[in-house]
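Here's the structure we're looking at; comments come further down.
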Amino acid sequence: MSHPVQIRFEDSDKGDLTDLTGRIALFADAAGALSPMARKLDRAAKGALTRAVGSEAFGKLKPGEALELAFPAGLAADAVQILRLPKRTDAEAARKAGASIGAAHRDKALTVLAETHPRAAEIAFGLALRAYEFEIYRSGEKKDFGPVSFCVAKPEEVAAEAAPFAALAEGVFFTRDLINEPANVLNTYEFAARLAAMGELGLEVEILEEEELEKLGMRALLGVGQGSESPSKVVVMQWKGGAKDEPPLALVGKGVCFDTGGISLKPAVGMEDMVMDMGGAATVAGVMRTLALRKAKTNVVGLVGLVENMPDGKAQRPGDVVRSMKGDTIEVINTDAEGRLVLADVLWYTQERFAPRGMIDLATLTGAVIVALGDENAGVFSNDDTLCNAFLKAAAGENEGAWRLPLGAVYDRMLKSRVADMRNSCGRDAGSITAAQFLQRFVKPDTPWIHLDIAGTAWAKSGTEFSPKGATGWGVRALNRLIQDRFEG
């Protein structure tokens with residue numbers, strides 16, 4: 001697993017600051033006002049910090065951005081990072097400031113002079129998110145970050161304020177670790193085992209094996225994985241933090257541990273990125289981990305369908321007809337439209353067993369959503385305006401891009417099959433919408449439902465403000481906030 005930085009909060013009265021080694025980060029407002037600790041450093045550096053914050057370059061910085069002084073005279077530190085961040089700022093700017101520090105953190109020693117900044121916990125959260133690295137398979141010397149020292153006036157209070165953020169960060173990291181793992185490591189066995197281990201956190205975890213899935217009638221899901229040596233599984237995770245008789249919110253994730261496209265084989269170029277095709281299941285797992293760590297006061301159930309889509313003599317073929325757990329028959333037009341087959345059965349099972357008060361599924365489902373929205377926004381589809389608007393508000397509050405796209409009967413007609421109740425693929429036109437229309441057929445009319453197509457947001461080829469290249473952990477923060485705002489009493 002990855003090893004994110006460890007942050008400790010210490011008293012801001014550190015005495016002689018000139019002996020601090022490694023990197024130092026501090027804050028100044030637009031007028032260039034420095035904190036008392038920063039002024040001590042400035043005197044030792046013969047006014048270098050004052051000159052920096054009075055420069056034209058610092059004046060052009062946006063809130064959360066930084067100016068760096070390398071090897072400042074009079075100090076033992078290798079660099080001083082000065083961030084433009086007034087005390088009166090919003091949470092997003094504070095997190096961005098922390099992310100700027102995290103992105104630059106390359107030393108064993110890092111001291112952040114936050115002192116009396118009211119957003120110190122948010123700054124620490126942003127730092128942790130961006131400092132994450134997944135490098136366990138690199139040979140040779142690896143980054144060995146020591147603990148980050150956050151100097152604040154009231155360390156116990158700030159540490160208490162930061163505790164929920166620490167739980168949230170761990171959920172994000174768990175999601176990223178799962179997505180970043182290569183498929184020869186994270187097969188369906190290993191994925192299920194890592195989820196089962198979360199029983200130690202208070203989650204009730206149950207693994208449904210192929211024999212039981214066959215008895216339940218999950219032939220749509222089983223058809224996807226029948227060409228793989230890794231058996232298909234469904235993992236059920238329950239967090240019971242609310243009233244005993246309170247129906248749960250359900251989170252459902254697509255967990256295709258690797259997607260070759262099956263018999264409808266994908267092009268070789270870029271296929272290595274399909275290690276992330278279990279991103280929906282990973283996000284559900286990360287949210288469930290966060291809820292357990294912070295002891296959320298509500299009931300939530302997370303279900304993930306784990307399969308591998310491989311070409312083989314036993315693999316599903318284009319033209320096959322499978323019967324879903326619901327009883328509907330599906331003509332398989334394209335075996336690379338496999339995620340919706342997995343979700344169809346898990347969505348139906350979720351409603352039959354748990355009768356949830358709301359249901360949200362997540363999947364790296366279509367390339368079409370990337371064509372439509374790029375990697376800045378996930379596609380959002382819903383049958384319930386109230387739940388959908390609450391999610392969009394939560395996503396905006398966490399600065400996780402999400403954009404609602406339409407559903408409608410005109411798209412539903414495109415699913416008509418020649419030989420079955422429906423077909424699984426309708427071609428390129430409105431591809432993400434027809435996929436959502438397919439899923440909606442497995443949602444009961446009285447179940448408030450959201451489908452999140454995260455194909456563009458789960459994985460970043462060039463990194464984001466809060467994550468390096470690879471898995472982003474998109475959705476953990478937004479769903480955690482939705483649960484806090486709407487489902488916890």
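The values are calculated or read from the model by the stated rules, or taken from the named source; none is laboratory data. As the structure is a prediction and not an experimental result, all values here were calculated from the model. Note that we place each Cβ from the backbone using ideal geometry, even for glycine, and neighbour counts take in every protein chain shown.
Here is a check on your reading of the model: is Tyr132 hydroxyl-bearing (Ser, Thr, Tyr) and over 18 Å from Thr464 (Cα atoms)?
no
For the range 265-284, how many residues meet the condition of being farther than 13 Å from Ala183 by Cα, out of contact with any helix residue (DSSP H, G or I) (no Cβ under 6 Å at 6 or more places or on another chain) and crowded, with 20+ Cβ neighbours inside 10 Å?
Adding up the residues that qualify gives 3.
Condition first: within 25 Å of Lys240 (Cα to Cα), hydrophobic (A, V, I, L, M, F, W, C) and in contact (Cβ under 8 Å) with a residue 40 or more places away in the chain. Now tell me which residues in the range 177-212 satisfy that.
Leu178, Phe191, Ala192, Leu195, Met198, Leu201, Leu203 - these are the residues of the range 177-212 that are within 25 Å of Lys240 (Cα to Cα), hydrophobic (A, V, I, L, M, F, W, C) and in contact (Cβ under 8 Å) with a residue 40 or more places away in the chain.
Is the range 417-426 home to any residue that is farther than 24 Å from Gly319 by Cβ, aliphatic (A, V, I, L, M) and either in contact with a Gly (Cβ under 7 Å, 6 or more places away or on another chain) or at pLDDT 95 or above (or both)? Let's see the steps before the verdict.
Of the residues in the range 417-426, the ones farther than 24 Å from Gly319 by Cβ are none.
No, the range 417-426 contains no residue that is farther than 24 Å from Gly319 by Cβ, aliphatic (A, V, I, L, M) and either in contact with a Gly (Cβ under 7 Å, 6 or more places away or on another chain) or at pLDDT 95 or above (or both).
Residues of the range 402-418 being in contact (Cβ under 8 Å) with a residue 40 or more places away in the chain and of a type outside the set (Lys, Arg), which ones?
Ala402, Ser417
So which helices (runs of 4 or more DSSP H) are wholly in the range 110-210 and hold at least 2 residues that are outside the structural domain of Thr364 (by TED's automatic domain parsing) and not charged (D, E, K, R)? Reasoning before the result, please.
Working: elements: 120-131, 155-180, 188-196.
Correct list: 120-131, 155-180.
Conditions tested, residue by residue: (1) under 21 Å from the mean Cα position of the chain (by Cα); (2) over 17 Å from Lys215 (Cα atoms); (3) surrounded by fewer than 24 Cβ atoms within 10 Å (Cβ to Cβ); (4) touching a residue at least 24 places away in the same chain (Cβ under 8 Å).
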| site | (1), (2), (3), (4) |
| --- | --- |
| Gly286 | yes, yes, no, yes |
| Asp312 | no, yes, yes, yes |
| Ala315 | no, yes, yes, yes |
| Pro318 | no, yes, yes, yes |
| Val322 | no, no, yes, yes |
| Lys326 | no, no, yes, yes |
| Phe354 | no, yes, yes, yes |
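Conditions (1) at pLDDT 95 or above; (2) exposed (fewer than 13 other Cβ atoms within 10 Å of the Cβ); (3) not in a strand (DSSP E or B), marked per residue:
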{"site": "Val5", "(1), (2), (3)": "no, no, yes"}
{"site": "Thr18", "(1), (2), (3)": "no, no, yes"}
{"site": "Leu26", "(1), (2), (3)": "yes, no, no"}
{"site": "Ala30", "(1), (2), (3)": "no, no, yes"}
{"site": "Lys40", "(1), (2), (3)": "no, no, yes"}
{"site": "Arg51", "(1), (2), (3)": "yes, no, yes"}
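Being surrounded by 24 or more Cβ atoms within 10 Å (Cβ to Cβ), in contact with a helix residue (DSSP H, G or I) (Cβ under 8 Å, 6 or more places away or on another chain), closer than 18 Å to Ser228 by Cβ and touching a residue at least 60 places away in the same chain (Cβ under 8 Å), is that true of even one residue in the range 288-304?
Yes, some residue in the range 288-304 is surrounded by 24 or more Cβ atoms within 10 Å (Cβ to Cβ), in contact with a helix residue (DSSP H, G or I) (Cβ under 8 Å, 6 or more places away or on another chain), closer than 18 Å to Ser228 by Cβ and touching a residue at least 60 places away in the same chain (Cβ under 8 Å).
Given the options Glu204, Glu157, name the one that is closer than 23 Å to Val112 by Cβ, surrounded by fewer than 17 Cβ atoms within 10 Å (Cβ to Cβ), more than 20 Å from the chain's Cα centre (by Cα) and of a type in the set (Asp, Glu).
It is Glu157.
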